[in-house]
Structures are given as structure tokens and as C-alpha cells.
1. Search the range 123-157 for residues being small (Gly, Ala, Ser) and modelled with pLDDT of 95 or more, and hand back the single one that is farthest from ARG73 (Cα to Cα).
2. Can you tell me which residue among GLY110, GLY116 is modelled with pLDDT under 95, farther than 15 Å from PHE74 by Cβ, in contact with a helix residue (DSSP H, G or I) (Cβ under 6 Å, 6 or more places away or on another chain) and assigned by TED's automatic domain parsing to the domain that holds PRO65?
3. Among the listed residues ASP126, ASP136, ASP149, ASP115, identify the single one that is of a type in the set (Asp, Glu) and within 20 Å of ALA56 (Cα to Cα).
4. Look at ASP105 and say whether it is among the acidic types (Asp, Glu) and modelled with pLDDT of 95 or more.
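The values are calculated or read from the model by the stated rules, or taken from the named source; none is laboratory data. Just so it is clear, the structure is predicted and the values come from calculations on it, not from any experiment. When we count neighbours, we look across all protein chains shown, and the Cβ atoms used for this are built from the backbone with ideal geometry, even at glycine.
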Amino acid sequence: MAAEHQKQKRAGRRGRNLPWLIGATILLGAAVLAFFLWPDNSGGVHHAYAMAPESALPEGARKAPPKVREAYRFAIANREILSQIPCYCGCGAEHKSDLDCFIKDVRPDGSIVFDGMSLGCGICIDIARDVMRMLDEGKALKEIRAYVDTTYSRFGPSTPTPPVR
């Protein structure tokens, strides 16, 4: 009888430890995932495209919210990409693409003349950020262009941007 009682006692302990074991396993798994998925302290995020440094931003953009600064940094470093993406904010009379909402001109010496339009235009910023996101997802430029056309055409006519090359 004593042996049977000890057997039941051990089985009861095992049953009580099971929730703790499951909880500890889940906690350990979450810690491992957080370690590998959490951005590093340097702020280094790896993208499928280049980003200009903050120092390249025009004065007005340096004080803008992070999303605006990121879009300007992207435009500076990825002019060839953004020049193939239209804007739908109504700027088509002045601009040829979403790039023109950020950059007016690049001088022969390489210096940039910025357009401040995007500082106050959510559509210009959202288009650039969608391009950034989709590049990070591995999408092709033609697919990105189709998405932008479909998503933003409801806001108005597009800039006269030629098809993706």
C-alpha cells in the first residue's frame, strides 16, 4: 500500500509540474524569437535599397516626423526607382513622377535642389513608403507600379510618368 501511495504522489507531482514546464518552454521560445527579431541597438535596419544619411536631408526635412525623413532619404538615394513611380496628389502639372515631389533638380556638381511639397503631402510620402515596403518584400518594380496605380488612382490623376523600364 505504501508503494502504491508513493506512486500516486509522484504522478501528482508530475501533473503539477507540467504547466510550469509548458510555461517555461513558451517563455524560452519567446525570448529566443525576440533576440533574433528585435532590431539591434545601432538602429541598423537592413533594406533592399540604399538610404541617404540624415545629413543629406534639406533643413526643413530634418525637423519632420520620422516617416517623412525616411521618405526623403529614400528619394535621395533611389532617384532612378522613384522616377518610375507616379504621384497621385494632383501635382501632375508640375511634376513627372513621385521623385519630383521630393527633388526639383540635381545640379551638374551633384548638389540637390529639394522640393518641399512632400513635407506637407501625405500622398507623396505614402507612395514612397509603399515603394520602400514592397522593395523590402522583394516585389519587382512593375508590380510596385501596378500597386501604386491601383491604390492611389482614386485620389486624382497621375503625373505623366512613363511605364517602368
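1. My answer is SER153.
2. GLY116
3. ASP115
4. Taking the combined requirement at face value, the residue satisfies it.
So that you can scan it fast, the table gives a plain yes or no per residue for (1) over 21 Å from ILE123 (Cα atoms); (2) modelled with pLDDT of 95 or more; (3) in the same structural domain as SER111 (by TED's automatic domain parsing):
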{"site": "ILE22", "(1), (2), (3)": "yes, no, no"}
{"site": "LEU27", "(1), (2), (3)": "yes, no, no"}
{"site": "PHE35", "(1), (2), (3)": "yes, no, no"}
{"site": "VAL45", "(1), (2), (3)": "yes, no, no"}
{"site": "ALA48", "(1), (2), (3)": "yes, no, no"}
{"site": "PRO58", "(1), (2), (3)": "no, no, yes"}
{"site": "LYS63", "(1), (2), (3)": "no, no, yes"}
{"site": "ALA71", "(1), (2), (3)": "no, yes, yes"}
{"site": "ALA77", "(1), (2), (3)": "no, yes, yes"}
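Residue by residue, here is whether (1) over 17 Å from ALA52 (Cα atoms); (2) over 19 Å from the mean Cα position of the chain (by Cα); (3) of a type in the set (S, T, N, Q) holds:
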position: PRO65; (1), (2), (3): no, no, no
position: ARG69; (1), (2), (3): no, no, no
position: TYR72; (1), (2), (3): no, no, no
position: ILE85; (1), (2), (3): yes, no, no
position: ILE103; (1), (2), (3): no, yes, no
position: SER118; (1), (2), (3): no, no, yes
position: CYS124; (1), (2), (3): yes, no, no
position: LYS142; (1), (2), (3): yes, no, no
